[in-house]
Amino acid sequence: MKDPRLHASGKLLASLLLLASPAVQAQAFPATVNPKLVLTAVPNSSFAPNMGLGFLSDGRMVFLASDTGTAGVNGGSGKMGQGYIMPASAKNAVYLGSGLSASGSLSGVTFTKILDSLTGPPPGVTVVNDTVYVGDRDGFYRVKSLAPAATARSKNAVRLIKMITTDSNFTWNRGPTGHQWPFTPQYYKGRFYAPYSGSIIPGGYSGAPPTSTFSGSILSWAKDSIVPDNAPANAGYTKEAGGQRSPNGMGMGPNGEYMVYADNQGSFNPGCPMHIFRPGQPLVTYGTRQGTATNAGGAASGQINGNTKRNWAEDLPYQPPLIWVPYSPSASASQPLYLTFGPYKGHWIIGDVNTSGMGRFFIDNVDTSGHYQASYHLFAGTGINSTGTTEGKAINRMAISPDSAVYVGTVLKIGNWPTGNPGPVFRMTFKDTSIFEILAVRSRKSADGTANGIEVFFSQPIDPTTVTAASFALQQNNFLLSANYGTNSQNFFQKTPTVSGISFSNDNRKVFVAISTPDTSIGAAHIGKLGVGNNPTGVWGGPGEQDRVLRVTVDTTARSASGATLFHRIAWMGWFYQANTRFDPANSDLAPLANPVSIRPGKGSGRLAATVDVRAVAGALEVRLYDGPAATVSVYGVDGKLVAERSGSGVVRFEAGALSRGLHVLRVRQGKEAYTRSVML
């Protein structure tokens, strides 16, 4: 079903959206803004829609602006909305914002232009060691000076690499570059990485031939190597992954270990998927195709448009997303941001340019096996979009300042084909207000390992007398990747898992929800596996296996130990992998996906030493057992006294709070074998 709104005329950033039809499953966010947040509009920042944010080490903001007037906000030519390169404009520009601080008044904030005459809309800005880089529709540039003369601003950049263009016998499906941008490049170890849109026809369908062999890729290119203008087409770019539709921004995870981006709902995207990418990972497809008659998946002929040319990535192994977020609450997800401080440290937040509110997601490294999935939660209600303005603004870009505040850039008014007046950047900091909310949902086994289920992790202890097994309503959403546009009955259907019982952690912050699964179509599943190719009967058009997402709803009767009601009682969990980790009533640590630091190996059984990994992670000591039966893991003090001991397989975890600081001796016993080593905590 086409969305008739997609044919409105000339509104800024429509080419970023190309959004989906009305949702099967509506879920409106409440208006209440998260009471932990302090929101302040930045003065003098409402001069242009924001396409990129970054910071210099001295605290100055780098602001990438887009021209609202070129296409005509109130009924212009429409070419910007259709993805054409627009003429260079003084309003497509990079500014430096001074006078920002994480606390106190912002009344002295000023913005100074350092680069203009970009072609629009420019898709992202990146700061590396106080050097500013900016993406334009015709290339990727390095800014030469942070204090140029006014007459030199249009020439204050050097192009490092030209934008992707046609190659081989491909042609642009519309306009000079159609719908395609590399969004918000991220820097890691000498290279930039950015998600690059696939090829899309007017109306938002993927029934267009690919414009090049790079369509829908994650691209990388060298940081400061200048690719000559006369070099062969697309020289300097490397394809790192494929199968993207229209990803509006990428964010960097901790230590650069991984990156996350959100794609936008549409053809072959039955929701807004959150994807994970690791530099150097094997080539994979994230699933979006160029729709042809042979892979229509039940789509109407108008959605295919006679295309017969396939995307380069269609035969690669399929990597499922972290989660498919249904149309409501997320219609057109924007750039995600990893939080490095505050009460949600280790979580991600994300805006949306076509709906109100802001989401939060928590990534789970399932059984530390290289498989990832996430849970998605409300972060702030619809009121957050009206910060500093009388009309709601779409949240598009976010960045963290050196003094630990989150700054949020907006683009005009919420809705398909945004229109209206530019909105401000707003500053977001945190306060210690206590709220009762769901922090994460994770796949787990029961404590005795006999049942599958989920662990619902709350911010505060729950009152066990206010919930029973009937208090947790589960709905499994199955997604098919077909050429149909967005979430509809042809690629989205539901199953209802049965809750067989619940149990509580010792501190009542976690609830294990056991699931009775006589129906094998209920539970973790995904289409294909990394490294083994696609499942053609499931990945595109079904029936086969489908990607699965679990919706968890907690009854309104649930109360915290202090009597508080839940801030938001619905959460979603990507259900692609079933964890073997058992529910641990004694463990109430919610360590984020991190880059663990391995401790030097010790002495003992050669086989056991080779299959045991000891890691110090945030708030815990983890012993990973990669082979053999269950083991007994003991921690002794230097005086020889036993400090802690646990038995298990997979991952045996000790909370740091249960162990004193200093030198300890760790002993792992597996059958007749033993492995001993020292550990400094």
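Per-structure values
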item	result
Which listed residue is out of contact with any Cys (no Cβ under 7 Å at 6 or more places or on another chain), surrounded by 24 or more Cβ atoms within 10 Å (Cβ to Cβ) and aliphatic (A, V, I, L, M), from Ile323, Ile400	Ile323
Among residues of region 657-681, those that are open to solvent by 50 Å² or more (accessible area, probe 1.4 Å) and under 37 Å from the mean Cα position of the chain (by Cα), counted	6
Region 85-113, residues that are open to solvent by less than 30 Å² (accessible area, probe 1.4 Å) and part of a strand (DSSP E or B)	Ser89, Ala93, Val94, Leu96, Gly97
Condition broken by Ile384, with the remaining ones in (1) among the β-branched types (Val, Ile, Thr); (2) in contact with a Pro (Cβ under 9 Å, 6 or more places away or on another chain); (3) not in a loop (DSSP other than H, G, I, E, B) satisfied	(2)
Matching residues, region 291-322, being polar (S, T, N, Q) and in contact with a Phe, Trp or Tyr (Cβ under 9 Å, 6 or more places away or on another chain)	Asn295, Gln303, Asn305, Gln319
Qualifying positions in region 142-153 - within 26 Å of Tyr237 (Cα to Cα) and not in a loop (DSSP other than H, G, I, E, B)	Arg142, Val143
Qualifying positions in region 46-69 - hydrophobic (A, V, I, L, M, F, W, C) and open to solvent by 20 Å² or more (accessible area, probe 1.4 Å)	Phe47, Phe55
Scope region 452-496; condition closer than 19 Å to Lys510 by Cβ, crowded, with 18+ Cβ neighbours inside 10 Å and of a type in the set (A, V, I, L, M); matching residues	Ile454, Val456, Ile462, Val467, Leu474
Out of Thr466, Thr450, Thr368, Thr387, sole residue that is free of Cβ contacts under 8 Å to residues at least 60 places away in the same chain, of a type in the set (Val, Ile, Thr) and either over 22 Å from Met250 (Cβ atoms) or out of contact with any Cys (no Cβ under 7 Å at 6 or more places or on another chain) (or both)	Thr450
All positions within region 264-315 that are surrounded by fewer than 24 Cβ atoms within 10 Å (Cβ to Cβ), touching a Pro at 6+ places or on another chain (Cβ under 6 Å) and under 16 Å from Gly204 (Cα atoms)	Asn307
Any hit, region 552-567, residues being closer than 14 Å to Asn477 by Cα, assigned to a strand (DSSP E or B) and modelled with pLDDT of 95 or more	yes
Residue within region 412-421 that is assigned to a strand (DSSP E or B), open to solvent by 20 Å² or more (accessible area, probe 1.4 Å) and of a type outside the set (Lys, Arg) present	no
Any pair with Cβ under 6 angstrom, 6 or more apart, that starts in region 643-665 at a residue that is in a strand (DSSP E or B) and ends at one that is of a type in the set (Lys, Arg)	Val651/Arg624; Val652/Arg646
Conditions (1) more than 26 Å from the chain's Cα centre (by Cα); (2) modelled with pLDDT under 85; (3) closer than 30 Å to Ser401 by Cβ: number failed by Leu160	(2)
Any chance Asp130 is over 22 Å from Thr211 (Cβ atoms), among the acidic types (Asp, Glu), modelled with pLDDT of 90 or more and open to solvent by 40 Å² or more (accessible area, probe 1.4 Å)	yes
Output for region 221-257, where each listed residue is outside any loop (DSSP other than H, G, I, E, B), under 30 Å from Ser482 (Cβ atoms) and open to solvent by less than 20 Å² (accessible area, probe 1.4 Å)	Ala241, Gly242, Met250, Gly251
Residue in region 404-427 that is closer than 23 Å to Pro279 by Cβ and touching a residue at least 60 places away in the same chain (Cβ under 8 Å) present	no
Inter-residue pairs, beta-carbon under 9 Å, first free of Cβ contacts under 8 Å to residues at least 12 places away in the same chain and in region 321-333, second outside any loop (DSSP other than H, G, I, E, B), 6+ apart	none
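The values are calculated or read from the model by the stated rules, or taken from the named source; none is laboratory data. These figures come from a predicted structure and were not determined experimentally. Cβ sites come from the backbone with ideal geometry, for glycine too, and all protein chains shown count toward neighbours. Just so you know, the surface numbers come from the protein's heavy atoms only, side chains and all, with ligands and any DNA or RNA stripped out. Shrake-Rupley method; radii C 1.70, N 1.55, O 1.52, S 1.80 Å.
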